[in-house]
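Following: one structure in structure tokens, then a few remarks.
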């Protein structure tokens, strides 16, 4: 590996690439121009607020899943703030009310509990309910919100003939890195299971999981599907709130090799990053991240197994091969580490937390944030 790769960037570091982010935003600009839909930024998937000035002109607002996300959306993004929580807390709700343009509840019970708060607050958020469309293409149970017995969203048999007073919209979130045909199936299911309610609402939020920025995604088909649905229900304001798709393949995690430990089967590459601490989805999903310049090893090739910097035995992933022999001090780039990865990081083991920065279109690097012992210590008091 090239020892001089990005010498101005500290390791470890999350690096957002401005040109790639703008490439993705151009796709959503087109979707909003050609289809009757508003696109929101879902902070649960991407909350790097330093980049919000780049994103803000292209999207209608931001969606939040908690008080803190709602505060960040209001302070740093502006525009509309759509809030949904699996279960609102009394001590949070009063602070959420002045922030939310749209307020979605996970159950009828929660709406009934907080309805007097909304009506007596002086604020007028548009109220919605999360529905379970009885379909999800997601095979990994950890990410499937429509699995049997789910706690997320209301099934049709638990709604009466008419919606509760004050409800103006539905939120359906059932996709994860899905294609346009899953979107089409979702809309058909909503019509089948919840069709009698559609005339009673003003907006339908299709949630996230629409991976429109992935190579091969049929954007034309998605636009046609949205337009066809809107022709059947022209009174509905359609909304989506992708998280992954906005930041899909827009940046990387830079790491450095600190040690090499050979075994009879492979060489353990000891990094200054942790999979459990800094790339948890790799272990949870699980999936094998792409490393720039690496490829799948074949018989007879040296196998390098990536080892994280924490003491957790399972903090490793492998195996990879490289054209050149790896050495201590070499830098490795884990691709596509902007969406969900950054929002899930921890400071487990007190391992040095990755810095955050921007690689601008002109090739210069801007350091946005470095973490210190004080940040680690502050988490406990």
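The values are calculated or read from the model by the stated rules, or taken from the named source; none is laboratory data. This one's a predicted model, so the numbers in the text were calculated from it and none came from an experiment. Note that we place each Cβ from the backbone using ideal geometry, even for glycine, and neighbour counts take in every protein chain shown.
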(request) Read through the list (1) touching a residue at least 24 places away in the same chain (Cβ under 8 Å); (2) under 26 Å from residue 214 (Cβ atoms); (3) surrounded by fewer than 21 Cβ atoms within 10 Å (Cβ to Cβ), then give the number of the only condition that residue 51 fails. (result) (3)
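So in segment 137-154, with the set limited to residues that are in contact with a helix residue (DSSP H, G or I) (Cβ under 8 Å, 6 or more places away or on another chain) and assigned to a loop (DSSP other than H, G, I, E, B), which one is farthest from residue 175 (Cα to Cα)?
147
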(message) Looking at 105, 181, can you tell me which residue is touching a helix residue (DSSP H, G or I) at 6+ places or on another chain (Cβ under 6 Å) and under 25 Å from residue 199 (Cα atoms)?
(response) 105
(request) For residue 157, state whether it is in a loop (DSSP other than H, G, I, E, B) and in the same structural domain as residue 193 (by TED's automatic domain parsing). (result) no
(request) With the condition kept exactly as written, say whether any residue in segment 346-358 is in contact with a strand residue (DSSP E or B) (Cβ under 6 Å, 6 or more places away or on another chain), over 29 Å from residue 49 (Cβ atoms), in a loop (DSSP other than H, G, I, E, B) and modelled with pLDDT of 95 or more. (result) no
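Do we find that residue 175 is assigned to a helix (DSSP H, G or I), under 26 Å from residue 28 (Cβ atoms) and in contact with a strand residue (DSSP E or B) (Cβ under 7 Å, 6 or more places away or on another chain) in this structure?
Criteria not met by residue 175.
Name the single residue, out of those in segment 62-76 being in contact with a helix residue (DSSP H, G or I) (Cβ under 7 Å, 6 or more places away or on another chain) and part of a helix (DSSP H, G or I), that is surrounded by the fewest Cβ atoms within 10 Å (Cβ to Cβ).
Here the answer is 76.
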(request) Mind listing whichever residues of segment 227-241 are out of contact with any helix residue (DSSP H, G or I) (no Cβ under 8 Å at 6 or more places or on another chain) and either crowded, with 16+ Cβ neighbours inside 10 Å or not in a helix (DSSP H, G or I) (or both)? (result) 230, 234, 237, 239, 240, 241
(request) Answer yes if at least one residue in segment 77-94 is farther than 17 Å from residue 60 by Cα, in a helix (DSSP H, G or I), within 25 Å of the chain's Cα centre (by Cα) and in contact (Cβ under 8 Å) with a residue 24 or more places away in the chain, and no otherwise. (result) yes
(message) When you check residue 297 against the structure, is it in contact with a strand residue (DSSP E or B) (Cβ under 8 Å, 6 or more places away or on another chain) and closer than 14 Å to residue 253 by Cα, yes or no?
(response) no
(message) Taking the criterion of being crowded, with 20+ Cβ neighbours inside 10 Å, in contact with a helix residue (DSSP H, G or I) (Cβ under 9 Å, 6 or more places away or on another chain) and either in a loop (DSSP other than H, G, I, E, B) or at negative phi (or both), would at least one residue in segment 257-274 satisfy it?
(response) yes
